Structure formats: structure tokens, C-alpha cells
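The structure appears right after this line, and notes come after that.
The values are calculated or read from the model by the stated rules, or taken from the named source; none is laboratory data. Just so you know, these numbers come straight off a predicted model, no measurement behind them. Cβ: placed from backbone, ideal geometry, glycine included. Neighbour counts: every protein chain shown.
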Amino acid sequence: MLPMQFFSQNVHFAISLFAALVFFAVFWLYFDAWTAKRDAKAFIKCGGFLLVALAFVLHATIIEQSVLGSSSTGTLADILSTILRIVGYAGIIIGQLVDPLQPKPKLDGLDATQFSNETPPQPAPEAPQKTLAVGFSGSAALTHLLLPFGAFAIALLYFRRATTGLERHLRPIAIAFFFFSIFEVLSLASLWRGSDNPMVVRLVASFGPLWMAEQVFLLAGSILLGRWVWHYLTRRFLSQLFMIFVTLTLVIFLVTTVSFTFLLVSNVQKQSLNNLQTATSVLRYALDAKKAETLANANTVAENTAIASAVEQHDNKALATLTNAFLHDKKQSSLVITTATGQVLLRAEDPSRYGDSLSSDTLVRRALIGQSSSTIARRDGVLTPVMYINSATPIRNDHQQIIGTVTVGLVVDNAFVDGIKHATGLDSTVYTGNVRSATTFVAPDGVSRLVGVKDTNGAVTATVLKKGQNFDGSVSVVNRQFLAVYAPLKDIDNAVVGMLFIGVPQASVLQAAGHSVELTFVVTAILLLLSIVPAFLISKYIAGQLE
């Protein structure tokens, strides 16, 4: 499954280009009116709509850098889009203010209200001159604050024309710009992404709740405005044909872009999973190396003639003296020596505990029949279960008779997984059953490890612990999405006793492809702009032939 951020980024791209298409259509409508009358007022308005259309083309190429990584253009696209929208909104506002209202006709001797249920319109106050002021400063926050005011002012001006004057057909534009003003307000949420409040950060985060609401209002406003403008563009064949060509071109570019980025991110994700499978093999190899190391240490103890003599004599004190420094020197966690019947003669980590029987232990039984072997086994710890690597080998006397066994154990702890992360750069975890017993994940305090936590993912449990198979895919770990591989840990009897986890943050998949995705968006936007001229020439030629 591809990251949701990928789909969200493409949704942003598609909606922004759709908004650009709608504003371009309105520009074309006003431009067509200007070519007929050569009216400066219409030229100002159509220029404003054209600038807003270009602004949304630039807006479409903006990537969420917190997810896709650093942008090759930095914040340039965002700055230019903001400036173009401010200037475009200002042009629309000026065009509305200098264009006089079409007053309703006065009916002498008649009360117009008796023929209508509408409330007699009240004269709207003239818009204050400061509405025209388009301030700009070096502060990005101040610049962005101008956008919602500009969109809202346009909505009020169109609403005034639709209610006070005769131009009731402009009411959909007023409603559309109310939606655009809400979109502009929601877009200000990005200014609070540096907040220290975790709730605020989650609310305003890239692809978070406010981001999604921002896209919804932009889409809603574009649909309303698009329906209105399409109704008028269909009145002329040339305009209708031109917009059909532009729309089809946009659809083709969108499908191509989304398909390409889908294949790109899919390939990166597939490659990431393959790398994780390789890393899992490295982790297994490291475990096998530890098994070989513990078995070699067990053989070292078993081949010590002084230890063999002490075992024959059942001399606990001599064994304790002979193995006193073994755990420290060999960096092992446990050492157990038994008699030929499986009775414990020594536990080097706790010399006072001996005398009990391990005759039912699988490794001890194998060692008593002359087989050296290693396994992974779980033990109950103080706070959480612990995974051990145990190796056992027989102890023989001078006549090669088995007189006892020696078992060496090593805890698979945080130091082990830290070594894997150092080698691969990937987070890893060892599970005892489905409980995290060793991990590279650190608690919010930055020191303690997040051990003792159960993995409650049903798909992982069913595949790895019950079926004994590898699981790969997208999972949630410590409230973050990871691409991960889980592999079963099996003991010497082939029973699953735990799991290995290797993972990489899923957002890094998009970051790995982020530059290519952004470049694809930019190239698509440029080609889309370049295609407008041929689309117009083809439309004009076809219309001329038909006429």
C-alpha cells in the first residue's frame, strides 16, 4: 500500500490545476467581452483572473517539504503564487469598483414589492478606499494574511452586484469566492506548524485535518465558479471548443502525471521492501554469528580438563572458581554446567543456585547424547520477557565418556539491535512472542527504550507467529507509519518463539522520490501552459472551417 501522503500530494496537484483551469476560463470569458468592447474595466478584471490562474498553476507545484523532503525551488513557488494571488485579487477588486452597478429600474406609481416576495434592497455602503490597498512586506505571515481579505472583498463586491443591482447571475461567483476566502484562511494554518503545542502541530500538519479542509473548500469554490463560467462559455462555439481542448489537455496531463508518480513511488517502495528483506537477512546472519560464538565459548569450557575433573567430582566450589571470570571475559549472559543426569552443578551468574534438574531441557538432552546445538529461547524477565541465544555441548572425560553438559547463554538486548542499526541505518526490534524485548525505539525522554509493549497488529501476528512466515508492508509503530519486514524467530524444535522487525519510516519513501515528484509537477505545469496556444490555434482553425 502506497503512503497516504502520496495520494494527498497528487490530490493537491489535481485540485490546484482544476482551480487554475476555472480561473483561466473566467479570464477567457472577460477577455472575450473585452475584445468586443475594448473596455478597460473588463481588461482589468480579466487580467486579475489570469494572474490568479497562474498563481494556482504555481500552487500546484508546491510540495509538502516536511513529507517529501527539501524542495529544489525552496519557497520560491509559494512566494510567487502568493504575490500573484494578491495582485490578481487586487485587479478583480479594482475592476469591480470602477465598473458601475446596473441599477434596478424604478417603476413610478407601482410598488415592486407587491410583485415579489423579496425584501426591498437597501443601498449598500460604498466600499472604503482601504479595500483597494494591497500591502506587501517582507514578512510571509503578513503577505499571506492579505489573501483571505482579498477573496472575501471580491465575494462581497459580487454579492453587492447580485443583490443591489440587476446582475443576479453573478450570485454564484459571490458564493464561490466565499469558499475561496475560507480556503485562504485555512491555508494560514501552515504558519503555526512551528508551534510548541503538540495538538496544534497535529491539527495544522501537512496532510492533517486543516490541510484536508483547505483542499475541500478550494475544490468546492472551483466547482461553483466552473459551473457558472461554463454556462456562458457554451454560448460561443470558439470558446466552447477552446475550453474543451484545454480541459482534455489538462485531464491527459493529470492522468499521465499521477500514473508516473504512482509508478515512481511504487518502485521506490518495492525497492525499500527489498532492502528491508536484505536487512532482515543481515539480522538473521548476526543472530547465527552469535549462536556460533556462544557455541564456541561452550566448547571452550567443555574442553577444559580442570572443569571436566570438577564435574566428575561434583565440586561446585571448584567450578565456581574456575569459571569466575568467564562471563565477564567472554561477554556472555549465563553459564550452566550439569552432570550426566542433567543436575545443575553451577550457574555462573548465580553460584548459590544449583542442585535442580534440567533433564527436560531440549539442549541439555541433546548434549547428553553427544550433540552440540544452539537455539533461541525465551525467558521471563523482571519487567518484560527476554530472548536468549543458548548453546549447549557435552563435557567428556579422558575416556570420551559424557559426564555432563555446559550451556552458554547470551541475551539479545538493546546493544544487539543498536549494532544492527549502526550497520544498516534501520530501526530494528526483537520480539519475545509479540512483546517488544529489545528495540532501537527510544521513549520521549530520549533515554529509555520502548520495551514491554505488545504488537497488536492482527495481520502480523497471524502471518508471523501463527504461520511462521515473513510479513512485509505498512504498519504503525510508535504512532508513525513504517514500511517493515517481520520475520519469525524459531527455536531448535522449529516452534515460533518471537519475531524480528526491520523498518524504515514510510515518509522516507516519498522523500526518496520527492525531487522526482516535484520535477514532474513542474514540467507538467510548464507543458500545460505551453499547450494553451496550440489549443487556441486549433480551435480557431476548426471554428473557421465550420463557419
For this session: Would you point out the residue of region 161-196, among those that are in a helix (DSSP H, G or I), charged (D, E, K, R) and in contact (Cβ under 8 Å) with a residue 24 or more places away in the chain, that is farthest from ARG227 (Cα to Cα)?
Result: GLU184
Exercise. With respect to the numbered conditions (1) assigned to a helix (DSSP H, G or I); (2) more than 22 Å from VAL282 (Cβ to Cβ); (3) among the hydroxyl-bearing types (Ser, Thr, Tyr), which one is the sole condition not fulfilled by THR456?
Worked result: (1)
Seminar exercise, completed: Going through (1) out of contact with any Pro (no Cβ under 6 Å at 6 or more places or on another chain); (2) assigned to a helix (DSSP H, G or I) one by one, LEU335 fails only at (2)
Problem set entry | Test set (1) touching a Lys or Arg at 6+ places or on another chain (Cβ under 6 Å); (2) hydrophobic (A, V, I, L, M, F, W, C); (3) without any contact (Cβ under 8 Å) to a residue 60 or more places away in the chain - VAL451 fails condition number | (3)
For this session: Would you check if there is a residue in region 140-158 being at pLDDT below 85 and surrounded by fewer than 13 Cβ atoms within 10 Å (Cβ to Cβ)?
Result: yes
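Condition check ((1) among the small types (Gly, Ala, Ser); (2) closer than 27 Å to VAL430 by Cβ; (3) crowded, with 21+ Cβ neighbours inside 10 Å) across all residues:
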| site | (1), (2), (3) |
| --- | --- |
| VAL301 | no, yes, yes |
| LYS330 | no, yes, no |
| SER352 | yes, no, no |
| SER374 | yes, yes, yes |
| ASP380 | no, yes, no |
| ASN390 | no, yes, yes |
For this session: Test each condition in (1) modelled with pLDDT of 80 or more; (2) assigned to a loop (DSSP other than H, G, I, E, B) for VAL87 and report the one that comes out false.
Result: (2)
Exercise. Among the residues of region 492-547 satisfying the criterion of being aromatic (Phe, Trp, Tyr) and touching a Ser or Thr at 6+ places or on another chain (Cβ under 8 Å), which is modelled with the highest pLDDT?
Worked result: PHE501
For this session: Name, by its number, the condition in (1) of a type in the set (S, T, N, Q); (2) outside any loop (DSSP other than H, G, I, E, B); (3) under 18 Å from LEU368 (Cα atoms) that does not hold for THR321.
Result: (3)
Exercise. Which one of these does VAL417 not meet: (1) more than 26 Å from the chain's Cα centre (by Cα); (2) not in a strand (DSSP E or B)?
Worked result: (1)
Problem set entry | Inter-residue pairs, beta-carbon under 6 Å, first within 14 Å of TRP192 (Cα to Cα) and in the same structural domain as SER8 (by TED's automatic domain parsing) and in region 202-216, second outside any helix (DSSP H, G or I) and not aliphatic (A, V, I, L, M), 6+ apart | VAL204/ARG193; SER206/GLU64
Exercise. Looking only at residues in region 30-46 that are out of contact with any Cys (no Cβ under 8 Å at 6 or more places or on another chain) and buried (at least 20 other Cβ atoms within 10 Å of the Cβ), which one is farthest from GLY208 (Cα to Cα)?
Worked result: ALA42
Exercise. Does region 490-497 include one or more residues that are touching a Phe, Trp or Tyr at 6+ places or on another chain (Cβ under 7 Å) and outside any loop (DSSP other than H, G, I, E, B)?
Worked result: no
